[in-house]
1. In nm, what is the difference between 0.36 nm times the number of residues separating residue 269 and residue 249 and their Cα-Cα distance?
2. Could you check the spin-label model distance between residue 183 and residue 57? Points 7 Å from the Cα along Cα→Cβ, value in nm.
3. Please label the shape of the chain as rounded, prolate or oblate, based on the square roots a ≥ b ≥ c of the eigenvalues of the alpha-carbon gyration tensor (a/c under 1.5 means rounded; beyond that, a/b larger than b/c means prolate, else oblate).
4. To the nearest 10 degrees, how steeply does helix 262-272 sit against the main Cα axis of the chain, on a 0 to 90 scale?
5. Relative to the longest principal axis of the chain, what angle (0 to 90°, nearest 10) does the C-alpha long axis of helix 17-29 take?
6. Between the helical axis of 46-61 and the dominant principal axis of the chain, each derived from Cα atoms, what acute angle in degrees is found, rounded to the nearest 10?
7. Could you tell me how far the Cα centroid of the stretch 10-89 sits from the Cα centroid of the stretch 153-219, in Å?
8. Can you put 230, 201 in order, fewest other beta carbons within 10 Å first?
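Rule-based calculations on the coordinates, nothing more; no lab input. The structure presented is a predicted model; accordingly, all values stated were derived computationally and were not measured. Here the Cβ is made from the backbone with ideal geometry for all residues, glycine too, and neighbour counts use every protein chain on show.
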Ligand SMILES: [Zn+2]
Ligand SMILES: [Zn+2]
């Protein structure tokens, strides 16, 4: 176990800006140049595409259900082994540890559109999309991490974040390798490792950029958050961002049955099987939070 002081140091030192820049540059360059070049010169197999799709869904839901609705907003409760599974899946998305991600996100809600908002959309599309990653200002969110540090599962994932990331990159290589040797191992790594990471990163970024710039505000105009069903198609339901900012602890982002929100469907399915409980819902009419 670490003391709170040690935990604070660990949080501050997780991925300094130059490491983030280097990793982000490598992933972006490889995804935009290497992935299509390999596709044209060698080609991808059905195994590569299947792994791309599977890992897009698994790591995407790891972020939306695990990092976002479970850890950041406590919109439901689940057994530790389910939480661990979500935090491993979320870790594979290369979006930092759940501790750091959720601390940033809680600050986003607490100071939306203000200087302290890490992805402040008032500073323009690129800052809110990914420019904020390279800003030193993001290392000042200790007070938003206090509650998170009480959770041993979150601290476990924070401590073993690097091995979790490496296992997520090794997985597509090993699947490809077992199907077609070294060449296919590399191909599967490129498409389902690098290409998928880039795709999931940008789908998450769109919530902070697109969903604070374009879309409707049917629930509240208190901040710049907007609903975008289009972004929901790419982000497992997170595009209903105006509803989410208005009722942030609701386990649903799209509250209507016809809203495309696979994250809420997964949480509800877990509830049906007894693997999730205390699902929090807001009554839009009354503004109350209740538990399912
Ligand atoms: Zn937001
Ligand atoms: Zn949120």
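1. Extra length from residue 269 to residue 249 when fully extended: 5.4 nm.
2. Each label point is offset 7 Å from its Cα along the Cβ direction, giving 3.0 nm.
3. Note, shape of the chain comes out rounded.
4. 70
5. Orientation of helix 17-29: about 60 degrees from the principal axis.
6. With both axes taken from Cα atoms, the answer is about 20 degrees.
7. If you average the Cα positions of each part, the centres end up 2 Å apart.
8. 230, 201
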